[in-house]
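Structure first, commentary second.
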Amino acid sequence: MTEPRNEPPPVLALARVLHYAVLTSAVKYSGHSSLFVGGVELGPVPRLAICQPLDETTFMLLHCDDDWNVLGSSDHPSIAAAKARAERVYSGVSTCWIDSHVTEADAAEYVEQVFGDERCRFCGRLPVDVDRLVVHERGGPICNNCIEELHAVIHDDSEP
């Protein structure tokens, strides 16, 4: 069995990791996260990350397992607000935050490495941004959004 990663990857949930915390025994869980996933309140987690979605100005507080798989998230207007929320749920976490030093260029490079040629050939969307990415042997991938737009154009009776 492999040991859990202490450091997260540069990108989680298509968001650049800015700060992360590996929770220690000194951190006390409040008993309530007020974060519901599938109708069930998420309990204590061993890892937290504050991330900024690519091309957005908001911030996310991600609740993660030992391997940095995202179990739940909440949106915040600032890093300070995300840290304050984390402190209310996990008393003492303020001493655990680590600056990841991940630049926007690092995040973009990581996304390109992970997804490579899996982007829609027409709009450039990533698989996580669409419901379905269809790959055909004679052409590149195309997303369901582009297929729906093409279908609408083909079936538009107002076009000559």
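Quick notes on this structure:
- Scan of the range 78-95 for residues that are under 18 Å from Ser33 (Cα atoms) and outside any helix (DSSP H, G or I), ordered by number: Tyr90, Ser91, Gly92
- Subset tally (residues that are β-branched (Val, Ile, Thr) and part of a loop (DSSP other than H, G, I, E, B)) for the range 103-128: 1
- Which numbered condition Asp75 fails, given (1) closer than 14 Å to His19 by Cα; (2) of a type in the set (D, E, K, R); (3) in a strand (DSSP E or B): (1)
- Whichever residue in the range 129-160 is of a type outside the set (A, V, I, L, M, F, W, C), assigned to a helix (DSSP H, G or I) and in contact with a strand residue (DSSP E or B) (Cβ under 9 Å, 6 or more places away or on another chain) and, among such residues, is nearest to Gln52 (Cα to Cα): Asp129
- Here the range 32-63 is the region considered, the condition is being under 20 Å from Glu104 (Cβ atoms) and among the polar types (S, T, N, Q), and the residue that is surrounded by the most Cβ atoms within 10 Å (Cβ to Cβ) is Gln52.
- Condition check for Asp66: under 16 Å from Ala13 (Cβ atoms), charged (D, E, K, R) and surrounded by fewer than 18 Cβ atoms within 10 Å (Cβ to Cβ): no
Read the figures in this text as sums done on the coordinates, not as results from a lab. No experiment lies behind these values; they were computed from the predicted model shown. Glycine gets a Cβ as well: all are built from the backbone with ideal geometry, and neighbour counts include every protein chain shown.
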